[in-house]
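**Q** Pasting a structure below so you can have a look.
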Amino acid sequence: MVAYDLTHLTQPDHQLVAGPVQDDEALFLYALIRCMRLRRILEIGGADSYGARNFLKAMEPDGMLYTVDVRHTLALQSNHTTIIGSCEALTSRDVGGVPLDLVFFDFHVYAAQMTLFRNLSAEGVIDRNTVLALHDTNLHPPADGPDAPPRQWGSAVEGGWMHQAVERQMVNTLRDEGYDALMLHTTPDRHDSRLPLRHGLTILTLPRRLDIGETAGPSGGSTPTGTGPTG
Ligand SMILES: C[S@@+](CC[C@H](N)C(=O)[O-])C[C@H]1O[C@@H](n2cnc3c(N)ncnc32)[C@H](O)[C@@H]1O
């Protein structure tokens, strides 16, 4: 059995945090990095490094994490490069000049994040294999009352409370431009005092048809060799 060390995920059971990813979301990102062996990660918005610690724990030791933030962010270990500045100024040289495996967007300014996306795409370090992850794309439950989740910002929209608009808008834009989206969202009925809200994470990848060689396809189908491994 693989001995996963998740002791860095320390939130209380209700995961009522403002800023970092919630632990369930961190767990998903951890699994994504492990499953796809993502080694080169760019985090936009580092804050107190909760998310960065999770990326570093999930990555192979030869991976590299870049965190850009307008404020100073602590570099946690030798393969964690922190960049102070606004993300729209980032160039491919700042992130090693070779393609990134994952870009994580978490600072809520549309123009700056889209400028970064366009610039790094034009420079080839965001390419068709780069996975994009955007935080805060879910709606919080709409109900008012004593058990209602905190409402520090945002606005009511159909189906819930939109605590952040920017990453939702980015998902819409990038889907219009051809990305596939997996939205890790909840509906209001899935919440109660044990988990009052889910901030929400969306994973975007560019679609790809899977090459199946000379195989006839579902109706004529046999495997190319006839007796391939199953699983
Ligand atoms: C929600 S917090 C990030 C939380 C972090 N990803 C985590 O999981 O712990 C947003 C961060 O974005 C930073 N920020 C604000 N404007 C920025 C900009 N133009 N470029 C980069 N970072 C920015 C803020 O300083 C703040 O630390």
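The values are calculated or read from the model by the stated rules, or taken from the named source; none is laboratory data. All values reported here derive from a predicted model rather than from experimental measurement. Backbone-built Cβ (ideal geometry, glycine too); neighbour counts: all protein chains shown. Ligands, DNA and RNA are stripped out before the accessible areas are found, and what is left, the full protein with its side chains, is counted by its heavy atoms. Shrake-Rupley method; radii C 1.70, N 1.55, O 1.52, S 1.80 Å.
**Q** Against the definition (open to solvent by less than 60 Å² (accessible area, probe 1.4 Å) and away from the ligand (no atom under 16 Å from the Cβ)), how does Met64 come out, yes or no? Before you say what the answer is, go through the steps one by one.
**A** Numbers: open to solvent by less than 60 Å² (accessible area, probe 1.4 Å): yes; away from the ligand (no atom under 16 Å from the Cβ): yes.
Considered against the rule, which asks whether it is open to solvent by less than 60 Å² (accessible area, probe 1.4 Å) and away from the ligand (no atom under 16 Å from the Cβ), Met64 comes out as yes.
**Q** Would you confirm whether any residue within region 92-100 is out of contact with any helix residue (DSSP H, G or I) (no Cβ under 7 Å at 6 or more places or on another chain) and hydroxyl-bearing (Ser, Thr, Tyr)? Step through it out loud before you land on a result.
**A** Residues of region 92-100 out of contact with any helix residue (DSSP H, G or I) (no Cβ under 7 Å at 6 or more places or on another chain): 93-100.
Still in the running and hydroxyl-bearing (Ser, Thr, Tyr): none.
Looking through region 92-100, none of the residues is out of contact with any helix residue (DSSP H, G or I) (no Cβ under 7 Å at 6 or more places or on another chain) and hydroxyl-bearing (Ser, Thr, Tyr).
**Q** Which residue pairs have Cβ atoms closer than 9 Å, lie 6 or more positions apart in sequence or on different chains, and pair a first residue in region 27-42 that is within 13 Å of Glu60 (Cα to Cα) with a second residue that is aromatic (Phe, Trp, Tyr) and assigned to a helix (DSSP H, G or I)?
**A** Tyr30/Phe55; Ile33/Phe55; Leu38/Phe55; Ile41/Phe55
**Q** Let me ask another. Restricting attention to region 55-82, report how many residues are more than 20 Å from Arg34 (Cβ to Cβ), over 20 Å from the mean Cα position of the chain (by Cα) and not small (Gly, Ala, Ser).
**A** Residues that pass the stated criteria total 3.
**Q** Follow-up question, since we're still on this one. Could you please find all residues in region 7-24 being more than 12 Å from the ligand (Cβ to nearest atom) and without any contact (Cβ under 8 Å) to a residue 40 or more places away in the chain?
**A** Listed by number, the residues that qualify are Thr7, Thr10, Pro12.
**Q** Here's another thing I want to ask about it. Give me the residue from region 25-60 that is farther than 21 Å from Asn129 by Cα and open to solvent by 70 Å² or more (accessible area, probe 1.4 Å) and, out of that set, nearest to the ligand (Cβ to nearest atom).
**A** The qualifying residue nearest to the ligand (Cβ to nearest atom) is Asp48.
**Q** Based on what the data block shows, is Phe117 aromatic (Phe, Trp, Tyr), under 21 Å from Val17 (Cα atoms) and within 16 Å of the ligand (Cβ to nearest atom)?
**A** no
**Q** Of the residues that sit in region 69-106 and are open to solvent by 50 Å² or more (accessible area, probe 1.4 Å) and in contact with a His (Cβ under 9 Å, 6 or more places away or on another chain), which one is nearest to Ala47 (Cα to Cα)?
**A** Leu74
**Q** Across region 73-107, what is the number of residues that are more than 9 Å from the ligand (Cβ to nearest atom) and modelled with pLDDT under 95?
**A** Count: 1.
**Q** For region 106-132, which residues satisfy the criterion of being touching a Leu at 6+ places or on another chain (Cβ under 7 Å) and either of a type in the set (Val, Ile, Thr) or in a loop (DSSP other than H, G, I, E, B) (or both)?
**A** Result: Val125, Ile126, Arg128, Thr130, Val131.
**Q** Please state which one of Leu32, Leu56, Leu100 is in contact with a Leu (Cβ under 8 Å, 6 or more places away or on another chain), under 30 Å from Gly154 (Cα atoms) and either in a helix (DSSP H, G or I) or hydrophobic (A, V, I, L, M, F, W, C) (or both).
**A** Leu32
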